[in-house]
Amino acid sequence: MISRLRMIGMAVLLMAGSCALMAQEKIDRIADELEAQGVDVSKVVNRDPKTRKVVSVIRSFEFRSKNGTYAKRLLKAFDEEAPNAVTETSDLEDDEEERTLIFKKGDKTMIYSIEVERNKPNPEVELNIIIKSGKVGAVINGLLDSLSEMLPDSMLLNLDRHLDLND
(Lines give C-alpha, C1' and ligand atoms only; values in the text may rest on other atoms or scores of the structure.)
Protein backbone atom coordinates (compact mmCIF):
# COMPACT_ATOMS: atom_id res chain seq x y z
CA MET A 1 0.00 0.00 0.00
CA ILE A 2 1.32 3.41 -0.99
CA SER A 3 1.81 5.72 1.92
CA ARG A 4 -0.29 8.85 2.14
CA LEU A 5 2.82 11.07 1.94
CA ARG A 6 4.02 9.30 -1.21
CA MET A 7 0.57 9.71 -2.86
CA ILE A 8 0.56 13.42 -2.03
CA GLY A 9 4.07 13.77 -3.44
CA MET A 10 3.10 12.04 -6.68
CA ALA A 11 -0.01 14.22 -6.98
CA VAL A 12 2.07 17.37 -6.54
CA LEU A 13 4.53 16.22 -9.22
CA LEU A 14 1.70 15.43 -11.64
CA MET A 15 0.09 18.81 -11.02
CA ALA A 16 3.40 20.64 -11.46
CA GLY A 17 4.01 18.87 -14.76
CA SER A 18 0.53 19.59 -16.03
CA CYS A 19 0.80 23.27 -14.99
CA ALA A 20 4.03 23.60 -16.98
CA LEU A 21 2.35 22.09 -20.02
CA MET A 22 -0.70 24.34 -19.60
CA ALA A 23 1.39 27.50 -19.12
CA GLN A 24 0.54 28.90 -22.55
CA GLU A 25 -2.71 26.97 -23.04
CA LYS A 26 -4.90 30.10 -23.04
CA ILE A 27 -2.99 31.68 -25.92
CA ASP A 28 -3.05 28.39 -27.85
CA ARG A 29 -6.80 28.04 -27.28
CA ILE A 30 -7.48 31.54 -28.64
CA ALA A 31 -5.18 30.91 -31.63
CA ASP A 32 -7.04 27.66 -32.41
CA GLU A 33 -10.34 29.54 -32.15
CA LEU A 34 -9.12 32.23 -34.56
CA GLU A 35 -7.97 29.59 -37.04
CA ALA A 36 -11.31 27.76 -36.79
CA GLN A 37 -13.12 31.04 -37.53
CA GLY A 38 -11.21 31.44 -40.77
CA VAL A 39 -8.62 34.05 -39.78
CA ASP A 40 -5.69 33.90 -42.19
CA VAL A 41 -2.82 31.94 -40.72
CA SER A 42 0.58 31.21 -42.21
CA LYS A 43 1.98 27.92 -40.98
CA VAL A 44 5.43 26.43 -41.45
CA VAL A 45 6.30 22.92 -40.28
CA ASN A 46 9.98 21.98 -40.23
CA ARG A 47 10.91 18.27 -40.11
CA ASP A 48 14.14 16.47 -39.48
CA PRO A 49 15.14 15.25 -42.97
CA LYS A 50 16.29 11.87 -41.65
CA THR A 51 13.53 10.97 -39.19
CA ARG A 52 10.71 13.11 -40.65
CA LYS A 53 9.92 14.07 -37.05
CA VAL A 54 8.52 17.58 -36.61
CA VAL A 55 11.20 19.79 -35.05
CA SER A 56 9.40 23.13 -35.25
CA VAL A 57 6.06 24.69 -36.06
CA ILE A 58 5.49 28.37 -36.75
CA ARG A 59 2.00 29.86 -36.90
CA SER A 60 1.52 33.53 -37.80
CA PHE A 61 -1.83 35.32 -37.63
CA GLU A 62 -2.67 38.79 -38.95
CA PHE A 63 -6.16 40.14 -38.50
CA ARG A 64 -8.24 43.14 -37.56
CA SER A 65 -9.92 42.65 -34.18
CA LYS A 66 -13.56 43.77 -34.43
CA ASN A 67 -14.25 46.07 -31.47
CA GLY A 68 -10.89 44.94 -30.07
CA THR A 69 -12.46 41.74 -28.71
CA TYR A 70 -9.73 39.28 -29.68
CA ALA A 71 -6.99 41.85 -29.08
CA LYS A 72 -8.17 42.27 -25.48
CA ARG A 73 -8.55 38.51 -24.94
CA LEU A 74 -5.06 37.83 -26.26
CA LEU A 75 -3.44 40.60 -24.20
CA LYS A 76 -5.24 39.29 -21.11
CA ALA A 77 -3.99 35.75 -21.87
CA PHE A 78 -0.43 37.12 -22.24
CA ASP A 79 -0.80 38.89 -18.87
CA GLU A 80 -2.08 35.76 -17.15
CA GLU A 81 0.60 33.49 -18.60
CA ALA A 82 3.57 35.85 -18.22
CA PRO A 83 4.47 34.63 -14.70
CA ASN A 84 5.07 31.14 -16.14
CA ALA A 85 7.42 32.34 -18.90
CA VAL A 86 11.19 32.11 -18.62
CA THR A 87 11.48 35.33 -20.61
CA GLU A 88 8.96 38.14 -20.90
CA THR A 89 9.37 41.32 -22.92
CA SER A 90 6.98 44.18 -23.52
CA ASP A 91 7.13 47.43 -25.40
CA LEU A 92 4.38 50.00 -25.08
CA GLU A 93 4.37 52.85 -27.56
CA ASP A 94 1.78 55.51 -28.39
CA ASP A 95 0.35 53.55 -31.31
CA GLU A 96 1.39 49.93 -30.62
CA GLU A 97 1.85 47.37 -27.88
CA GLU A 98 4.26 44.46 -28.33
CA ARG A 99 4.83 41.47 -26.07
CA THR A 100 6.87 38.29 -26.23
CA LEU A 101 6.75 35.30 -23.90
CA ILE A 102 9.20 32.40 -24.02
CA PHE A 103 8.49 29.12 -22.28
CA LYS A 104 10.80 26.13 -21.94
CA LYS A 105 9.86 22.59 -21.02
CA GLY A 106 12.62 20.01 -21.33
CA ASP A 107 14.04 20.32 -24.85
CA LYS A 108 10.97 22.22 -26.07
CA THR A 109 10.93 26.01 -26.52
CA MET A 110 7.65 27.85 -27.09
CA ILE A 111 7.76 31.49 -28.21
CA TYR A 112 4.66 33.68 -28.32
CA SER A 113 4.75 37.20 -29.73
CA ILE A 114 1.95 39.72 -30.24
CA GLU A 115 1.67 43.21 -31.70
CA VAL A 116 -1.55 45.17 -31.21
CA GLU A 117 -2.45 48.63 -32.50
CA ARG A 118 -3.41 50.92 -29.65
CA ASN A 119 -6.24 53.44 -29.47
CA LYS A 120 -8.11 52.01 -32.46
CA PRO A 121 -11.68 50.69 -32.33
CA ASN A 122 -10.76 47.74 -34.57
CA PRO A 123 -7.03 47.23 -33.95
CA GLU A 124 -4.77 45.23 -36.20
CA VAL A 125 -3.25 42.23 -34.43
CA GLU A 126 -0.19 40.14 -35.31
CA LEU A 127 0.22 36.93 -33.32
CA ASN A 128 3.18 34.61 -33.84
CA ILE A 129 3.75 31.23 -32.23
CA ILE A 130 6.94 29.20 -32.59
CA ILE A 131 7.24 25.76 -31.03
CA LYS A 132 10.65 24.13 -31.32
CA SER A 133 11.92 20.77 -30.11
CA GLY A 134 15.61 20.15 -29.50
CA LYS A 135 18.31 22.78 -29.63
CA VAL A 136 17.13 26.20 -30.66
CA GLY A 137 20.25 27.46 -32.44
CA ALA A 138 20.83 26.63 -36.10
CA VAL A 139 17.32 25.47 -36.97
CA ILE A 140 15.62 28.60 -35.57
CA ASN A 141 18.26 30.84 -37.17
CA GLY A 142 17.57 29.18 -40.52
CA LEU A 143 13.82 29.47 -40.07
CA LEU A 144 14.02 33.11 -39.04
CA ASP A 145 16.17 33.89 -42.07
CA SER A 146 13.69 32.22 -44.39
CA LEU A 147 10.68 33.79 -42.65
CA SER A 148 12.02 37.30 -42.15
CA GLU A 149 9.41 38.66 -44.56
CA MET A 150 6.55 36.99 -42.69
CA LEU A 151 7.52 37.69 -39.07
CA PRO A 152 7.33 41.22 -37.68
CA ASP A 153 10.60 43.01 -37.03
CA SER A 154 9.77 43.31 -33.34
CA MET A 155 9.56 39.53 -32.98
CA LEU A 156 12.87 39.04 -34.76
CA LEU A 157 14.53 41.63 -32.50
CA ASN A 158 12.99 40.11 -29.36
CA LEU A 159 14.16 36.65 -30.34
CA ASP A 160 17.64 37.91 -31.12
CA ARG A 161 17.84 39.73 -27.77
CA HIS A 162 16.35 37.04 -25.55
CA LEU A 163 17.43 33.71 -27.00
CA ASP A 164 20.89 32.31 -27.20
CA LEU A 165 20.61 31.07 -30.77
CA ASN A 166 24.05 29.49 -30.65
CA ASP A 167 23.10 26.52 -28.47
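The values are calculated or read from the model by the stated rules, or taken from the named source; none is laboratory data. Everything quoted here is computed from the prediction, not taken from an experiment. Quick reminder, even Gly has a Cβ in these numbers, built from the backbone with ideal geometry, and neighbours come from all protein chains shown. Surface accessibility is based on the protein's heavy atoms, side chains included, excluding ligands, DNA and RNA. Shrake-Rupley method; radii C 1.70, N 1.55, O 1.52, S 1.80 Å.
The table below gives the values:
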item: Segment 44-55, residues that are open to solvent by 40 Å² or more (accessible area, probe 1.4 Å), closer than 14 Å to residue 134 by Cβ and part of a strand (DSSP E or B); result: 46, 47, 54
item: Residue within segment 59-71 that is without any contact (Cβ under 8 Å) to a residue 40 or more places away in the chain, over 16 Å from residue 26 (Cα atoms) and out of contact with any Ser or Thr (no Cβ under 7 Å at 6 or more places or on another chain) present; result: no
item: Output for segment 89-104, where each listed residue is of a type in the set (D, E, K, R), part of a strand (DSSP E or B) and over 27 Å from residue 133 (Cα atoms); result: 91, 96, 97
item: Test result for residue 38, modelled with pLDDT under 95, assigned to a helix (DSSP H, G or I) and more than 17 Å from the chain's Cα centre (by Cα); result: no
item: Qualifying residue in segment 50-68 (condition: under 20 Å from residue 96 (Cβ atoms), more than 15 Å from the chain's Cα centre (by Cα), modelled with pLDDT of 95 or more and among the aromatic types (Phe, Trp, Tyr)); result: yes
item: In segment 77-88, residue least open to solvent (accessible area, probe 1.4 Å) [restricted to those that are in a helix (DSSP H, G or I) and free of Cβ contacts under 8 Å to residues at least 40 places away in the same chain]; result: 82
item: Among (1) at pLDDT below 90; (2) within 17 Å of the chain's Cα centre (by Cα); (3) open to solvent by 60 Å² or more (accessible area, probe 1.4 Å), the one test that residue 143 misses; result: (3)
item: Candidate set: segment 56-75, residues that are in a strand (DSSP E or B) and in contact with an Asp or Glu (Cβ under 9 Å, 6 or more places away or on another chain); chosen: the one nearest to residue 46 (Cα to Cα); result: 59
